[in-house]
Every structure is written in C-alpha cells, then in structure tokens.
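*Asks:* What follows is a single structure, and I will ask about it in a moment.
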Amino acid sequence: MLAVFLFAAGQDTSAKLLGNAIRYLAENTAMQATLREYPVKIHAFIEEMLRLEGSTKVTFRVARKDTHIGDVAVPAGTRVVSSLAGANHDPARWADPHAFVLERPKIMEHLAFGRGAHTCIGAALARAEVRVILERLLARTSRIALSEAHHGPPGKRELHYEPSYIIRGLESLHVELTGK
Ligand code: HEM
C-alpha cells in the first residue's frame, strides 16, 4: 500500500513539474542561455518554478476542533481547502510575486511541497529528478523551442492544462530540440 501511494504521489507531480519547467524554458531563450552558462542556477530555477507553477495547487484538511483561520470561524468537521498556489503568489510574503526572480531571498520557502507534519516525503527526490534532467537537456542542446506545428506561433500559442482542481500541468507538450 505504501509503495502504491509513493508511486501515485510521486509520478504525475514530478512529470508535470518537468513539463511546466520545459514549457517555461522553451518560451524564454534568455533563461536557457543563463542556465547553460551557469548550471549552478538550475537549483534556483526549479524553486521559482515550484513557487510559480508548482504541480500541486491545493491540499485538503478536516478541522478536528473548532478553530479559526484569520477572522473566519472554522467549526470542527469543516473541510478546508488550502491553496498552496495562492500562498505562493501572496504579495504579503513575496515581493513582486508574479515575477520570476532567480536571486529571490529565501527562495525555498514556498509551499509547493506543503508544510508541517505532511510535508512531501519525496521533495528531495523530485528536486533531484528535475535538476538532473534539466542539467543534461540544457548541456546537450543549443535551443529548446515549442513546436509551432502543435502549439501555434508566438502570440497565438495553444497550450492546454489538465482540467484539474489539484494538479497544475499540461495535457501535452511538444518541443523541438537543436543539438550543439
Ligand atoms: C514536484 C513534485 C511533487 C510535488 C509538487 C509534491 C507535492 C506534495 C504536497 C503539496 C504534499 C503535501 C500534501 C498535504 O499536505 O496534504 C505532498 C505529500 C506527499 N508526497 Fe509529494 N510531491 C511531489 C513529489 C513526490 C514524490 C517524487 C514522492 C515519492 C516518491 C512524493 C510522495 C509524497 C507522499 C508520500 C506524501 C504524503 C506525506 C504525508 O502525508 O506525510 N511526492 N506532496
């Protein structure tokens, strides 16, 4: 049972994060150039991807006792949706929250992997998986671009995200790679 849960929790989430990251890179040649020149920054790139487009948007809780969140009363038994993506864009916590900032202070303090007792057990694995893939992909290519045949030209892109309340990820992604 544990193995099944680990597999289920870890596969789609990591795959979707990788897709979100490659889509971002494909549309930002300047970021590609930066990361090719300074692969050490791939770590920060992944953290900003997690903050801005983490693959898990929400998580759920049931209040075990009467409590409150801010000014809102939450009676025992209430189901609560916690918006990780919302918190990760909170202007009270993040300066210029929609900007992609590789040098952001405390860049790992986002909530893309949750927080507290149930913090993602696979966070280190997911970070390593995506980092190794991006390092190798960037080192072996001179250009990563979206396929216009599948996604249309710049300004008229068609990118479809899965209609999921929980997962942030593309239904499909087609890229063209140019070797070195
Ligand atoms: C980018 C990839 C991933 C994201 C965004 C992600 C996100 C999350 C989040 C937000 C939670 C907390 C859920 C909650 O508080 O209710 C969580 C829990 C969990 N994750 Fe991940 N996860 C990822 C990858 C993985 C991987 C690779 C594995 C396993 C190999 C994994 C296994 C788990 C497990 C077992 C839990 C439950 C922990 C507990 O309840 O104590 N996740 N994950």
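*Asks:* Got at least one residue in the range 44-64 being among the β-branched types (Val, Ile, Thr), free of Cβ contacts under 8 Å to residues at least 40 places away in the same chain and outside any loop (DSSP other than H, G, I, E, B)? Break it down stepwise before answering.
*Replies:* Quick first cut of the range 44-64, residues among the β-branched types (Val, Ile, Thr) only: 46, 56, 58-59, 62.
Cutting the leftovers down to free of Cβ contacts under 8 Å to residues at least 40 places away in the same chain gives us 62.
Filter again for outside any loop (DSSP other than H, G, I, E, B), leaving 62.
Checking the range 44-64: at least one residue is among the β-branched types (Val, Ile, Thr), free of Cβ contacts under 8 Å to residues at least 40 places away in the same chain and outside any loop (DSSP other than H, G, I, E, B).
*Asks:* Out of (1) within 26 Å of Arg36 (Cα to Cα); (2) touching a strand residue (DSSP E or B) at 6+ places or on another chain (Cβ under 8 Å), the odd one out for Arg131 is which?
*Replies:* Going through the list (1) within 26 Å of Arg36 (Cα to Cα); (2) touching a strand residue (DSSP E or B) at 6+ places or on another chain (Cβ under 8 Å), Arg131 breaks only (2).
*Asks:* Taking into account only those residues within the range 26-38 that are surrounded by fewer than 20 Cβ atoms within 10 Å (Cβ to Cβ) and not acidic (Asp, Glu), which is nearest to Val101 (Cα to Cα)? Steps first, answer last, please.
*Replies:* Taking the range 26-38 first, the residues surrounded by fewer than 20 Cβ atoms within 10 Å (Cβ to Cβ) are 27-31, 33-34, 36-38.
Those left that are additionally not acidic (Asp, Glu): 28-31, 33-34, 36, 38.
Values: Asn28: 13, Thr29: 15, Ala30: 13, Met31: 11, Ala33: 15, Thr34: 13, Arg36: 17, Tyr38: 15 Å.
Within the range 26-38, the match that is nearest to Val101 (Cα to Cα) is Met31.
*Asks:* May I pose another question? Could you check the range 86-104 and list, in sequence order, the residues that are open to solvent by 40 Å² or more (accessible area, probe 1.4 Å) and touching a Pro at 6+ places or on another chain (Cβ under 8 Å)?
*Replies:* Result: His89, Asp90, Pro91.
*Asks:* Looking at the range 145-180 only, could you name the residues that are among the hydrophobic types (A, V, I, L, M, F, W, C), open to solvent by less than 60 Å² (accessible area, probe 1.4 Å) and closer than 25 Å to Ala85 by Cβ? So that I can check it myself, show each step before the final result.
*Replies:* The first filter runs over the range 145-180 and keeps only residues among the hydrophobic types (A, V, I, L, M, F, W, C), leaving 145-146, 149, 159, 166-167, 170, 173, 175, 177.
Applying the additional criterion that residues be open to solvent by less than 60 Å² (accessible area, probe 1.4 Å) yields 145-146, 159, 167, 170, 173, 175.
Answer for the range 145-180, where residues must be among the hydrophobic types (A, V, I, L, M, F, W, C), open to solvent by less than 60 Å² (accessible area, probe 1.4 Å) and closer than 25 Å to Ala85 by Cβ: Leu146, Leu159, Ile167, Leu170, Leu173, Val175.
*Asks:* For the range 59-69, check the following and say yes or no: at least one residue is at pLDDT below 95, open to solvent by 20 Å² or more (accessible area, probe 1.4 Å) and not aromatic (Phe, Trp, Tyr). First the steps, then the outcome.
*Replies:* Applying the first criterion (at pLDDT below 95) to the range 59-69 yields 69.
When the remaining residues are screened for being open to solvent by 20 Å² or more (accessible area, probe 1.4 Å), the result is 69.
In the following step, the residues that additionally are not aromatic (Phe, Trp, Tyr) were identified as 69.
Checking the range 59-69: at least one residue is at pLDDT below 95, open to solvent by 20 Å² or more (accessible area, probe 1.4 Å) and not aromatic (Phe, Trp, Tyr).
*Asks:* While we're looking at this one, here's another question. Looking at (1) among the aliphatic types (A, V, I, L, M); (2) touching a strand residue (DSSP E or B) at 6+ places or on another chain (Cβ under 9 Å); (3) more than 12 Å from the ligand (Cβ to nearest atom), which is the only condition Leu111 fails?
*Replies:* Every condition holds for Leu111 apart from (3).
*Asks:* Turning to a different aspect of this structure: Check Thr178, Thr141, Thr119 and return the single one that is among the polar types (S, T, N, Q), within 16 Å of the ligand (Cβ to nearest atom) and modelled with pLDDT of 95 or more. So that I can check it myself, show each step before the final result.
*Replies:* Details: Thr178 fails: within 16 Å of the ligand (Cβ to nearest atom); Thr141 fails: within 16 Å of the ligand (Cβ to nearest atom).
It is Thr119.
*Asks:* Among Ile107, Ile121, which is in contact (Cβ under 8 Å) with a residue 40 or more places away in the chain, open to solvent by 100 Å² or more (accessible area, probe 1.4 Å) and of a type in the set (A, V, I, L, M)? Lay out the reasoning, then the answer.
*Replies:* Details: Ile107 fails: open to solvent by 100 Å² or more (accessible area, probe 1.4 Å).
Ile121 is the lone residue from the list that is in contact (Cβ under 8 Å) with a residue 40 or more places away in the chain, open to solvent by 100 Å² or more (accessible area, probe 1.4 Å) and of a type in the set (A, V, I, L, M).
*Asks:* Within the range 124-138, take every residue that is open to solvent by less than 60 Å² (accessible area, probe 1.4 Å) and β-branched (Val, Ile, Thr) and give me the one that is farthest from Leu17 (Cα to Cα).
*Replies:* Taking the range 124-138 first, the residues open to solvent by less than 60 Å² (accessible area, probe 1.4 Å) are 126-128, 130, 132, 134, 137-138.
When the remaining residues are screened for being β-branched (Val, Ile, Thr), the result is 130, 132.
Values: Val130: 8, Val132: 13 Å.
Step by step, filter the range 124-138, then rank; the result is Val132.
The values are calculated or read from the model by the stated rules, or taken from the named source; none is laboratory data. Fair warning: this is a prediction, and the values are worked out from it, not measured in the lab. All Cβ positions, glycine included, derive from the backbone under ideal geometry; neighbour counts span all protein chains shown. With ligands, DNA and RNA removed, areas are computed over all heavy atoms of the protein, side chains included. Shrake-Rupley method; radii C 1.70, N 1.55, O 1.52, S 1.80 Å.
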